[in-house]
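See structure below.
The values are calculated or read from the model by the stated rules, or taken from the named source; none is laboratory data. The structure presented is a predicted model; accordingly, all values stated were derived computationally and were not measured. Cβ coordinates were reconstructed from backbone atoms using ideal geometry, including for glycine residues, and neighbour counts include every protein chain displayed.
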Amino acid sequence: MIGSLGNLFLRTAVVLTGTALATFALLWHAPGDPALAIADARYASIPPAEVVDLIRAEAGLDAGFWPAFQAWVGPLIGGDFGQSSVTGRDVWPELVTAMSYTGPLALAGLSVGLLISVPLALLATQHPGGWLDRCAVALASIGAAIPAYWLGLLLILLFAVQLGWLPAMGARTPAHIILPALTLGLGVAASLTRILRSGILEARDQHFLPAFQRRGVANRDIERDHVVPHAAIPVVTVFGLELAFLLEGVVMVEVIFARPGLGSFLVNAIEARDFPKVQAVVVLTAVLFVTVNLLIDLIYHALDPRIGERDA
Amino acid sequence: MLTVDHVSVRRGTIATLQDISLSLGPNRTLAVVGESGAGKSTLIGAILGLVPCNLGHITWDNAPVHRCRPALVMQEPRSAFNPRMSLRRSVMEPLVARGILADPARLDTLCHGLEIAPDLLDRRPTEVSIGQAQRMGILRALIAKPPLVLFDEPLSALDAVTQKHTARLIAQMQHEEGFASLIVTHDLGYAAAFADDIAVLRAGRIAEITPSQAFVQTPQTAYGRTLRDAAFALGALERVA
Amino acid sequence: MRSVGALIVIMLLLALIGPMLAPHDPTQINIPHRLSPPSPEWLLGTDALGRDILSRLLHGARWSLGLAFLISVIGLCIGTVAGLVAAQGGKLADWFVMRVTDTFLAFPDLVAAVVIAGVLGAGTGSLIFALTVTGWMRYARVARGIGLSLQNRGYVVQAKLAGLSPLVIARWHYLPSLLPSLAVVWTGMFARAILGISALGFLGFGVQPPMPEWGTMLLDARIHMRSTPLQMIWPGLAVVICVLAINLTGDALRDALAEQKDRKGTA
């Protein structure tokens, strides 16, 4: 147990190091002279060669790959995400502001997803194969095939342009979160419904259930005490997957709805070639993602010691 | 000549083989007997190089064993063949690995010797009987003329009549080809009838190595005697003694 | 397997023949007829530059489906090789390959693709690179899992003892057993690549104008949402239909495989 937990943490550390290295290598090998790009972003014109050299020295770009990597990772471990190469300001406060927009949006999206999928899955599995079940499966399949950006545009078209009920662009009022959250939530609902449905059906299939029925345990009690916990194990897995889905969705949704947040922060940073900002978002996402997956593995250990690690 | 020199194998903290030493020359047959869990399969794995030795050396003519390309006949005849391929392709693998794509004369000789109808070669492993599949297994083992052939419970998946037939064919082939053969079995009757020597394996150690006739008369250890008496009680040794 | 074969044929035909069926040149600018509503001349109307939307959709199939096919097949090759190296190459190779796989999985793949494509600069080359680099890990996991379960099979041990090279063993003894499961993964990754291409196109990091690609078309259509809302429907609908068809094929294939396994289990 302790050995496998140690192994788990070791793997997490290796993965995080790998992500940092891969990100840095990507940006290091990005086309174009990064110093020139910084100069261009700062002064919006081609500056003289001395200025470019100065920028290069200042950004540590002349030191070579490994020194530059160390110069970036060293402070990063202490929580220092560095400064924007365009404005020169610290990245971290801007990142916090972005997260304060993205966090509520992701939570709202997840809530919408849960509010739709849990009742739908429970209703659908009342009569497996019945018309309600088939409708739920069909809806979930279609939902999984609709790209978030198109769904967002359709919702804007319907509720903001045609009906004029809801605001679409920006994040000025609380009502601005409704359409983005709905866009995210419908996508989450599609995948959650499928997984919950098959989870519930599988749990019902367990061979211990007939034994309970013979012993005269009421169906409702069986459902509550045995079926639901069994369906909960895949749900834990799903949260890891949904997190990926939410993060991807957030990028698209924030761009479509012109909302501030991590996604638009990332896309703007890429377009401005502000690499310290890009690195910051990537590292933050990776840490978040890896931490959640580590937690899931730990929960697995707690739920069922037989499961050493998840198999994908 | 196969030389196993003070070999020990550990899995985790458990020693599965301890201080094993034995040798086996061409045209000789050594039967390794013992209860299940005594380390018989591990011994085969170690000789083939599939299981690493923690201590000691295993050599064939003073070179690592894998250089002589030893062959193995498995307990479950069907699972030794890829179900998606014809038996002919599987059987030819040892030759293909040596760059020989076809050798009809050799195949003919072996088919004749092992009493295999040549058209069976074009079937799938599931389309022949277990006994036929085991003879195919022997055919594959022998096709590239290996100097050393290991048999891992070669008869235990077969019925009594087929067992006798197959055992006789193996002995006959050895007489013609002259390979050294190491047979792992729990069937003392088979061991006594066909092997030159019998090695008794117990809890990862060799209890004794005795010429098989002598073993049937007077085993050297108490454990050997227990094994022999149990075999007598089952009637397995009557045809030899 | 047959359904997947049919799917491949249909999609490739669509990508090959689609452009031939187009009634107009998809890049022909026709300002006097810009933003026309659907009519017999322009069945689905025209866009802001007067280009025929139907023709652009049909030509777009080449980008969206053809590129997605290419990307998912490259990913299949990389992932299968990685998985087989992990399964066959011993403990050290396994550890190394699986940690690399974990590292790439430690990130939502579409976000990673956005970063890679964006940083490398917009264009088809970086689009393919970005979606391939982020799209091989699932194949690797599946190939390794099945590979490890095969390595102690009698016939694999026999092939090793016979002295066949790992490459030959992989080709004849591993690959045939891997294919059905890899086909299921492939359908998922094919659908994912279609979504990824159009998402990157929509963000402006993908296929560049004037090439008609469904995501890029959506980006153009978005600006004219108020005047010609229908223009926005078509490219999205094309993506949804393709992805849905692929996903349903994948589901059917997975169910068929599970049933086969069940039958083997009870027999």
All but one of (1) more than 22 Å from C:Leu178 (Cα to Cα); (2) more than 11 Å from chain A (Cβ to nearest Cβ) hold for C:Lys261, so report the exception by its number. (1)
Return the total of residues in the range C:98-131 being farther than 30 Å from C:Gly147 by Cα, more than 7 Å from chain A (Cβ to nearest Cβ) and modelled with pLDDT under 85. 2
Report whether or not A:Val281 is crowded, with 23+ Cβ neighbours inside 10 Å, under 23 Å from A:Ser191 (Cβ atoms), within 11 Å of another protein chain (Cβ to nearest Cβ) and at pLDDT 80 or above. no
Residue in the range C:104-121 that is without any contact (Cβ under 8 Å) to a residue 60 or more places away in the chain, in contact with a Pro (Cβ under 6 Å, 6 or more places away or on another chain) and surrounded by fewer than 20 Cβ atoms within 10 Å (Cβ to Cβ) present: yes
Kindly provide the set of residues from the range B:30-89 that are within 14 Å of the chain's Cα centre (by Cα), more than 8 Å from every other protein chain (Cβ to nearest Cβ), part of a helix (DSSP H, G or I) and not polar (S, T, N, Q), ordered by number. B:Lys40, B:Leu43, B:Ile44, B:Gly45, B:Ala46, B:Ile47
Just a yes or no: is a residue in the range C:134-142 more than 14 Å from chain A (Cβ to nearest Cβ), touching a residue at least 24 places away in the same chain (Cβ under 8 Å) and out of contact with any Asp or Glu (no Cβ under 8 Å at 6 or more places or on another chain)? no
Looking across the range B:90-105 at residues that are assigned to a helix (DSSP H, G or I) and small (Gly, Ala, Ser), the single one that is surrounded by the fewest Cβ atoms within 10 Å (Cβ to Cβ) is B:Ala105
If we keep just the residues of the range A:227-266 that are at pLDDT below 80 and more than 23 Å from A:Asn293 (Cβ to Cβ), which is nearest to the other protein chains (Cβ to nearest Cβ)? A:Val227
Every residue in the range C:224-239 that is more than 25 Å from the chain's Cα centre (by Cα), facing chain A (nearest Cβ under 8 Å) and surrounded by 15 or more Cβ atoms within 10 Å (Cβ to Cβ), please. C:Met225, C:Pro229
Exclusive hit being surrounded by 17 or more Cβ atoms within 10 Å (Cβ to Cβ), away from every other protein chain (no Cβ under 13 Å) and at pLDDT below 75, set A:Ile2, A:Ile38, A:Ile46: A:Ile38
Taking the residues in the range A:112-140 that are under 21 Å from the mean Cα position of the chain (by Cα) and closer than 12 Å to A:Leu186 by Cα as candidates, determine which candidate is nearest to the other protein chains (Cβ to nearest Cβ). A:Ala140
Spot the failing condition for C:Tyr174; the list is (1) closer than 30 Å to B:Ala141 by Cβ; (2) facing another protein chain (nearest Cβ under 8 Å), and only one is missed. (2)
Conditions: (1) farther than 19 Å from A:Ala190 by Cα; (2) of a type in the set (Gly, Ala, Ser); (3) facing chain A (nearest Cβ under 9 Å). C:Ala199 meets all but one. Number of the miss? (1)
Taking strands (runs of 3 or more DSSP E) that fall entirely within the range B:126-241, which contain at least 1 residues that are more than 30 Å from B:Leu101 (Cβ to Cβ)? B:180-184, B:197-202, B:205-211
Which residue, of C:Gly147, C:Gly135, is assigned to a helix (DSSP H, G or I) and not aromatic (Phe, Trp, Tyr)? C:Gly147
Those residues of the range C:80-95 which are out of contact with any Lys or Arg (no Cβ under 7 Å at 6 or more places or on another chain) and either at positive phi or assigned to a helix (DSSP H, G or I) (or both) amount to C:Thr80, C:Val81, C:Ala82, C:Leu84, C:Val85, C:Gln88, C:Gly90, C:Lys91, C:Leu92, C:Ala93, C:Asp94, C:Trp95
Go through (1) among the hydroxyl-bearing types (Ser, Thr, Tyr); (2) within 25 Å of B:Thr109 (Cβ to Cβ); (3) touching a Gly at 6+ places or on another chain (Cβ under 9 Å) one by one and return the number of the condition B:Thr210 breaks. (2)
Expected single match for crowded, with 17+ Cβ neighbours inside 10 Å, at negative phi and not in a helix (DSSP H, G or I) among C:Leu65, C:Leu44 is C:Leu44
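Matching residues to (1) under 17 Å from C:Gly135 (Cβ atoms); (2) surrounded by 20 or more Cβ atoms within 10 Å (Cβ to Cβ); (3) not aromatic (Phe, Trp, Tyr):
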{"residue": "C:Asn30", "(1), (2), (3)": "no, no, yes"}
{"residue": "C:Pro37", "(1), (2), (3)": "no, no, yes"}
{"residue": "C:Pro40", "(1), (2), (3)": "no, no, yes"}
{"residue": "C:Asp52", "(1), (2), (3)": "no, yes, yes"}
{"residue": "C:Gly75", "(1), (2), (3)": "yes, yes, yes"}
{"residue": "C:Gly79", "(1), (2), (3)": "yes, yes, yes"}
{"residue": "C:Ala87", "(1), (2), (3)": "no, yes, yes"}
{"residue": "C:Lys91", "(1), (2), (3)": "no, no, yes"}
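To keep it simple, each residue is scored yes or no on (1) out of contact with any Gly (no Cβ under 9 Å at 6 or more places or on another chain); (2) at pLDDT below 85.
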| position | (1), (2) |
| --- | --- |
| B:His165 | no, no |
| B:Ile170 | yes, no |
| B:His175 | yes, no |
| B:Leu182 | yes, no |
| B:Ala195 | yes, no |
| B:Val216 | yes, yes |
| B:Thr221 | yes, no |
| B:Arg225 | yes, no |
| B:Glu238 | no, yes |
